[in-house]
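Reading through the structure tokens given below for one structure.
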Amino acid sequence: MSLGLLFKDEVNGFYRSKVMIALLVGMPVIAVLMYLLSPDLGGMPLAAFTAVTISSMAGLLASTTLSVSIINERTQGVYDLFLVRPVKRSHLLVAKYLAVVACVVAAAVLALLVASAYDWSVQGTVYLGELGQPTLVVMTMACVSCAVAVLVGTLVRSVLLGVILTIYGGNQLSAVIVLTSLENVVSTETSALIGLVLAAVVLASSVVLFSRKVSS
Amino acid sequence: MVKRGEQMEAIIIEDLVKRYGQFTAVDRATLRVDEGTVYGLIGPNGAGKSTIIRSLLGLIPYQGGKVIVSGTDMSTPDAQRKVRVGYLPQKAAFQEWRTCEQALLTLGRLSGLEGERLRTRVDEVLDQLGLEEHRKRRVSKLSGGTLQKLGFAQAMLHEPSVLVLDEPMASLDPASRFMFKKIIKDLRASGTTILFSSHILSDVEDLADDVGLLQNGKARYSGPIDGLERMVSLRSELVVELADDRGEWRSVSVPGTDIRQPSPGWLVVHIDDAAQWDVLASRIVEALMKAGCHIRAFNRHDPKLEDVYMAYVGGAK
């Protein structure tokens, strides 16, 4: 019961945050600007270009926000008020993680739809079939980097250190996973599966560590 | 609930040991809190008050002993499901994007409140703590005192049978302290067991039925305040103010009393046997007047909890 309640609550909080505004408005705007300003994209549709842009930006923004939020809430003692109630420690972290990933995916899908609408208005065609793989890449990167962000948030007390570790740890790790498909070592689907398994392992480790530390 | 004599015990802390690495924060502390009473936890900084409170709530693990709240062992995984405990930390913190109302609604739902009952309780606690005007205000915009009030609101929102307050009034203005004290007295009257830590000893004296004195992680005393007073054997004093002090008092001698002059114009008379107080006090005053002292005022000074605390912690015992 508490997981559903906490998830809804976290989505509500993240949805209202400035980061979500950046994701919902900023990402499509930056994608469009970069698209228009880039001299030669070889006829690449905006939707495909947007997918590439957001795959690198969305996970970065979301994971950094996630780790900072966990570090702040943990060190300020926000979780104590939850933990004296019938709330599982694991639910606190999992709800936060799922909420952020869900918001990132929602923002990414929205950005792709806006870009596709632009392509349709300009070229009269939509490349929806070609958006499947970029969307999978965005999801994989978001899942991996956000899982690392949760781990960092659980272990670290300094916000600055947390941000550095999240950026270099989370995003580099997620990029490495995705590169295996871009370099045709494995298929995009396989790389996504590896990413999801890795994210699950990192998240589970965070939950165990958070429960052992006990004190928020 | 465990029975001690006629009284049920709501909180039992027995031989609690908590270590941080090599440092022992709590060293075999034993405290018992009767149901429906107010228990004040006092002690110097670093004595282990907050550590005991956090162990009691299951927020931190401990290395030895047991903690039982309302008959439930708090080290069991689902203890929070069985016991309705309210907790106000030293500095109440909430997710900053929430409004006061949202914070209370979420924490209320997590405590098992729903629908109309939840709405009613939120309205009640906001009103009780004077937070109605802040209902829609974001937590990040609140002052420290208002945040503490919101913390108290969430602690009593679900009408817990045991309320644990860690330095609840440390950051409050006098009016808010008065309000907190009134609410604590009202909750006690309704049967809630309250354990609170405080550095403000007058608050402890005003509110607590029993006290626990902690020092260096050890529980030095647990029981009624007057028992603590007896342990440090502080006596009541007769304080005399002289209008024109020319030292005449030096010739006065009444058996069973001891006259001292802490500062010019003031005398402090210790009376050894408290049972003889009424007789000896009037004899002293009479003897002083006979000796030629001009007495402007005299007053009985009973040892306050602060005196007892200072005598104990300061090393008198």
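None of the figures in this text is laboratory data; all of them are computed from the coordinates on show. It should be emphasised that the depicted structure is a prediction, and the values quoted were computed from it without experimental measurement. Please note: Cβ atoms are built from the backbone with ideal geometry, for glycine as well, and neighbour counts cover all protein chains shown.
Less than 5 angstrom separates the built amide H of B:Gln215 from those of B:Arg220, all sequence-distant by 5 or more or on a different chain.
Computed from backbone phi, the HN-Hα couplings of the range B:137-152 come to 7, 5, 4, 5, 9, 8, 6, x, x, 5, 4, 5, 5, 5, x, 5 Hz, rounded to whole numbers (Karplus: 6.51 cos²θ - 1.76 cosθ + 1.60, θ = phi - 60°; Gly and Pro given as x).
Using the Karplus relation 6.51 cos²θ - 1.76 cosθ + 1.60 with θ = phi - 60°, the per-residue 3J(HN,Hα) values for the range B:171-184 come to 10, 9, 7, x, 5, 5, 4, 4, 4, 4, 5, 5, 5, 4 Hz, with x marking Gly and Pro. Rounded to the nearest 20 debye, the dipole magnitude of chain B is 1080 debye, with +1 charges on Lys and Arg beta carbons, -1 on Asp and Glu beta carbons, and the Cα centre as origin. Per residue of chain A, the DSSP helices (runs of n ≥ 4 H) give a summed -39500 (n - 2.57) that works out to -26000 deg cm²/dmol at 222 nm. P(r) for chain B, from all Cα pairs and a bin width of 10 Å, is 6, 23, 26, 20, 13, 9, 4, 0 %, short bins first.
Convex hull volume per residue, computed on the Cα atoms of the range B:75-224, equals 134 Å³. The distance between label points at A:Thr125 and B:Asp206 comes to 8.0 nm (points 7 Å beyond Cα on the Cα→Cβ vector). Within 10 Å of the Cβ of each residue in A:62-75, the mean number of Cβ atoms contributed by other protein chains is 1.
Taking every residue in A:81-93 and counting other chain Cβ atoms within 10 Å of its Cβ, the average works out to 6. Listed cross-link partners B:Lys149/B:Lys182; B:Lys66/B:Lys149; B:Lys49/B:Lys304; A:Lys88/B:Lys136; A:Lys96/B:Lys49 are compared with a 25 Å cut-off, the Cα-Cα value being larger for B:Lys66/B:Lys149; A:Lys88/B:Lys136; A:Lys96/B:Lys49. The listed peptides B:93-99, B:139-145, A:61-67, B:295-301, ordered by packing as a protection proxy, come out as A:61-67, B:93-99, B:139-145, B:295-301 (highest mean of other Cβ atoms within 10 Å first).
Per-residue packing, averaged as other Cβ atoms within 10 Å, sorts the ranges B:159-171, B:273-285 into the order B:159-171, B:273-285, beginning with the highest. For B:Leu88, the amide hydrogen comes within under 5 Å of the amide hydrogens of B:Val164, B:Leu165, B:Asp166, counting only partners 5 or more places away or on other chains and with H modelled in the peptide plane.
Normalising by residue count, the range A:61-160 has a Cα convex hull of 109 Å³ per residue. Under 14 Å Cα to Cα from B:Lys141, which aspartates and glutamates show up? Leave out anything in the same chain fewer than 8 places away. Partners within reach: B:Glu96, B:Glu101, B:Glu133.
Inverting the pair-averaged 1/r between distinct Cα atoms of the protein assembly as shown gives 27.3 Å as its Kirkwood hydrodynamic radius. For the segment B:106-113, counting C-beta atoms of other chains within 10 Å of every residue's C-beta and taking the mean gives 5. Karplus-based coupling profile of the range B:289-302, in residue order and whole Hz: 5, 5, 6, x, 6, 9, 8, 8, 7, 9, 8, 8, 10, 8, with θ = phi - 60° in 6.51 cos²θ - 1.76 cosθ + 1.60 and x standing for Gly or Pro.
For the range A:2-213, the Cβ-based charge dipole about the Cα centre amounts to some 1020 debye (Lys, Arg positive; Asp, Glu negative; other atoms uncharged).
Each of B:Gly144, B:His158, B:Val125 was placed along the dipole of the range B:101-168 (beta-carbon charges, centred on the mean Cα), and the one lying farthest toward the positive end is B:Gly144.
Taking the Cα centre of the range B:1-157 as the origin, how large is its charge dipole in debye, to the nearest 20, when only Lys and Arg (+1) and Asp and Glu (-1) carry charge on their Cβ atoms?
Details: 24 positive and 18 negative charges, 100 e Å.
The calculated dipole for the range B:1-157 is roughly 480 debye.
Near the amide H of B:Ser161, within less than 5 Å, lie the amide hydrogens of B:Arg84, all on another chain or at least 5 residues away, with H placed in the peptide plane.
For chain A, report the convex hull volume of the alpha-carbon atoms normalised per residue, in Å³, without decimals. Show your work: numbers first, answer last.
Details: hull volume 26.8 nm³, N = 216.
Enclosed volume per residue, from the Cα hull, is 124 Å³.
Students often get this wrong: which residues of the range B:116-158 have the backbone nitrogen under 17 Å from the point 7 angstrom along Cα-to-C-beta of B:Lys185? Correct set: B:129. Farthest towards the positive end of the charge dipole of the range A:20-117, among the residues A:Gln76, A:Pro45, A:Leu112, is the Cα of A:Gln76, using unit charges on the Cβ of Lys, Arg, Asp and Glu.
Only DSSP H runs of four or more residues enter the estimate; each adds -39500 (n - 2.57), and after division by the residues of chain B the mean residue ellipticity at 222 nm equals -9500 deg cm²/dmol. Got the relative contact order for the range A:2-213 handy, in percent, Cα pairs under 8 Å and 6 or more residues apart? After rounding, I find 28 percent. Candidates A:Leu179, A:Val150, A:Val126 compared by Cα position along the dipole of the range A:39-186: farthest toward the positive end lies A:Val150, with charges placed on Cβ.
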